[in-house]
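Heads up, the thing below is written out as structure tokens.
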């Protein structure tokens, strides 16, 4: 009696499906964080109180938030415009972390102190508290199988 067996392993297929699900999950979570941070900013002329997200004075200012997914990580944040070189740091960085900045005009140089008005970190904390980040990633990963 002679028996032939054939064993076929599909680890490459499993890895490919995992990568597809992971990338989709990262895109979904990045878009969710972007949407939450855009909605947290209100459009008005007054400055926001310290500790609250900053207010957007124009529609295409701080609300212009982009995300980029590459490999295992995603970068989410506001776009830095070319004309925003007045301070020694980008304006979104000033809003997110607060602190002392140096402003330079043609005639003089001065320092200004800004309170923290985090909008990206507060959005992530809010979504994590609701459990939306984990559930969105899990559902997307499950649906890719």
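The values are calculated or read from the model by the stated rules, or taken from the named source; none is laboratory data. Keep in mind that what you see is a predicted model, and the values were worked out from it rather than measured. Note: ideal-geometry Cβ built from the backbone for every residue, glycine included; neighbour counts use all protein chains shown.
Filtering the stretch 113-133 to residues that are under 15 Å from the mean Cα position of the chain (by Cα) and assigned to a helix (DSSP H, G or I) leaves 120, 121, 122, 123, 124, 125, 126, 127, 128, 132, 133. Scanning the stretch 95-109 for residues that are modelled with pLDDT under 80 and surrounded by 13 or more Cβ atoms within 10 Å (Cβ to Cβ), we see that the one that is nearest to residue 32 (Cα to Cα) is 96.
Within the stretch 43-67, restricting attention to residues that are closer than 25 Å to residue 109 by Cα and in contact with a helix residue (DSSP H, G or I) (Cβ under 7 Å, 6 or more places away or on another chain), which residue is modelled with the lowest pLDDT? The selected residue is 62. Please go through the stretch 68-88 and pick out each residue that is farther than 19 Å from residue 124 by Cβ, at pLDDT below 75 and in a loop (DSSP other than H, G, I, E, B). Within the stretch 68-88, 80, 81, 82, 83, 84, 85, 86, 88 qualify. Residues to consider are 38, 34, 19; find the one that is within 26 Å of the chain's Cα centre (by Cα), closer than 20 Å to residue 97 by Cα, free of Cβ contacts under 8 Å to residues at least 40 places away in the same chain and assigned to a helix (DSSP H, G or I). It is 38.
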